[in-house]
1. Inside segment 504-513, can you point out the residues that are in contact with a helix residue (DSSP H, G or I) (Cβ under 7 Å, 6 or more places away or on another chain) and either open to solvent by 50 Å² or more (accessible area, probe 1.4 Å) or at pLDDT below 95 (or both)?
2. Output the number of residues of segment 202-219 satisfying the condition of being of a type in the set (Asp, Glu) and crowded, with 17+ Cβ neighbours inside 10 Å.
3. Quick test for you: out of ASN234, ASN222, pick the one residue that is in contact with a helix residue (DSSP H, G or I) (Cβ under 8 Å, 6 or more places away or on another chain) and among the polar types (S, T, N, Q).
4. Name the residue, out of GLY150, GLY200, that is over 28 Å from LEU262 (Cα atoms), more than 32 Å from the chain's Cα centre (by Cα) and small (Gly, Ala, Ser).
5. Residues of segment 1-33 being open to solvent by 30 Å² or more (accessible area, probe 1.4 Å) and more than 30 Å from LYS62 (Cβ to Cβ), which ones?
6. Which of the residues that make up segment 1-51 are over 18 Å from THR95 (Cβ atoms), charged (D, E, K, R) and either out of contact with any strand residue (DSSP E or B) (no Cβ under 6 Å at 6 or more places or on another chain) or within 16 Å of the ligand (Cβ to nearest atom) (or both)?
7. May I ask you to list the residues in segment 115-131 that are in contact (Cβ under 8 Å) with a residue 60 or more places away in the chain and either crowded, with 19+ Cβ neighbours inside 10 Å or in a loop (DSSP other than H, G, I, E, B) (or both)?
Amino acid sequence: MPKIFFITTAIDYTNSPPHIGHAYEKVLADVIARYHRLKGEKVFFLTGVDQHGQKVQQSAAKAGTPPSEFVKEITQKFIDLWKKLGVRYDEWAETTSDRHKKVVQGILQRLFDAGQIYKDKQAGYYSVRQEQFLTDKERGPDGQFGPEWGEVEFREEENYYFKLSQHKEWLLRYLEERKDAVIPDFRQTELRNAVGRLSGDLCISRPKSRLDWGIELPFDKNFVTYVWFDALTNYISFAGYDPGLSTLKSQPSTFRDKWPALQIIGKDILVPAHGIYWLIMLHAIGFLDEQMPQLLVHGWWNLGGAKMSKSAGNIIDPFVLVDKYGADALRYYLMSDIATGKDADFSEERLIATCDSDLANVIGNLVNRTLNMVIRYRDGRITHVKDKDLAPGGPGSVELQKLVEVEAPRSLEVYTQEMTSFQITKAAGMAVNLGLYGNGIVEVTAPWRLAKDSSQDRRLDSVLYHLVELVRVIAILISPLLPRAAHGIFDQLNWRMDLSGKDERFALVDAEWGRLPHGHVVGKPVPLFPRIEAD
Ligand code: MSP
């Protein structure tokens, strides 16, 4: 069985409906997943929702609904949004499912039996928002716990602890040896520094007297599992992991073929959750260094430089934007106005400007005018002209040659490099550049003039052939970002109609120049990206 490209995202809390930050992460993962499918790889994309924990219990109580009902409603909102946005995943994780519970409890029991979990008493300050005890390290310069911790209260509790600190040296060595454990580099440095400061173990239980909305500990029914221990396990529980088998080698092939995953998370949940807890959990249950997941850490969308938050009332609702501008526009904006790993400022004006300039003015315009000209001058039929049949030095001959020999292959090469290093903005830029180049060719060759001169017949055929080819290649390159639009272009090109609507329609190998056969008849142009703002 060939290796499967296994990609996951953070699972989203169901204490409130999805916002633009959630949408960004899922579209980013979807684009990366689609790119790997485009390369012909088998992909397993896992995402879902984090339904347990105190936050959810509190929000449900506020709403006057039982948590089980409350999470159902919010979960549905996430599912609806992914559908609207064309996010195509292969498995859906809901942490209240039995399948997941069994794996969490199996792992807890194994760690307990191995002496990795012990019971202890703790007294101290507890952040309700972050669901963790705080130490003096979390105090600000004024000696207070900052607003990021929300409501902080004093608690005294008996709980179960996982021997996190026992694995500190291992984690330091692992991060030293594997330079790309975390992308981008500066996040790996941040993690390494945090691990250096690590002291103490991880409290992995909550007494039911305080919180009962969680997975019961298999060895003590008075406690539920700490939400992060529960949630992090989703990455393996929904991929077929069997907690009864201690080595990866002994795991079922359904799991082995996928693991390790590329995990996409936001910058706020690298330290300590994914970078420390999760890597140590995996190590403690027998995963070897080469079986550790790679963490791709993205930045945050802010608003006017400030963090978006429900309490500040500056949340951007992705549903409203999709209804207003369409899924393609929102996907394109979210992928083109942020550099993966960095933060960005959300702006509706920029969404409009970017979509109008790149999609309507460049790509949409090229598709539209190309097909219009092929229909007007050639009844839709394209002719593949041999170079030797063309008089040398005609209008656009230099540009066309450069397109075929330099621009197209070079764009493809850069596109592939950028996609591989998750720089979606730059990869998308290659498709837009090709579109610009194509529009430039239309201007230079002025097909409307060639059409009036019968001695330029072959030249016009050649120009039209190359433009249609270019449109076909651009559709392939944008297909991970804009699957609907890419299908629209292929439909209008009347190309690979047997696979219309199916993702298999697009393949990166087909981006090679000259695959459109002589005599192919294109369809009618239909505007794909209407301008949002009037000229
Ligand atoms: N439930 C946990 C993750 C558990 S993973 C085992 C969680 N949920 S969350 O709903 O708060 O966040 C989900 C993801 O959305 C995180 O990766 C987070 O970084 C991301 N984002 C939340 N707000 C964001 C922005 N404003 N911008 C970009 N991504 C943001 O954390």
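The values are calculated or read from the model by the stated rules, or taken from the named source; none is laboratory data. In this text the structure is predicted, and so the values were computed from the model without any measurement. Using ideal geometry, Cβ is built from the backbone for each residue, glycine included, and neighbour counts are taken over all protein chains shown. Accessible surface is based on the protein model in full, side chains and every heavy atom, while ligands, DNA and RNA are left aside. Shrake-Rupley method; radii C 1.70, N 1.55, O 1.52, S 1.80 Å.
1. TRP513
2. 1
3. Checking each option against the conditions leaves just ASN234.
4. The match here is GLY200.
5. Scanning segment 1-33 gives MET1, PRO2, LYS3, PHE5.
6. Across segment 1-51, the qualifying residues are LYS3, ASP30, ARG34, LYS39, LYS42.
7. GLN116, ILE117, VAL128, ARG129, GLU131, listed by residue number.
So that you can scan it fast, the table gives a plain yes or no per residue for (1) hydrophobic (A, V, I, L, M, F, W, C); (2) closer than 21 Å to GLU407 by Cβ; (3) at pLDDT 95 or above:
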{"residue": "ARG472", "(1), (2), (3)": "no, yes, yes"}
{"residue": "PRO483", "(1), (2), (3)": "no, no, yes"}
{"residue": "ILE489", "(1), (2), (3)": "yes, yes, yes"}
{"residue": "ASN494", "(1), (2), (3)": "no, no, yes"}
{"residue": "LEU516", "(1), (2), (3)": "yes, yes, yes"}
{"residue": "HIS520", "(1), (2), (3)": "no, no, yes"}
{"residue": "LYS524", "(1), (2), (3)": "no, no, yes"}
{"residue": "ASP535", "(1), (2), (3)": "no, no, no"}
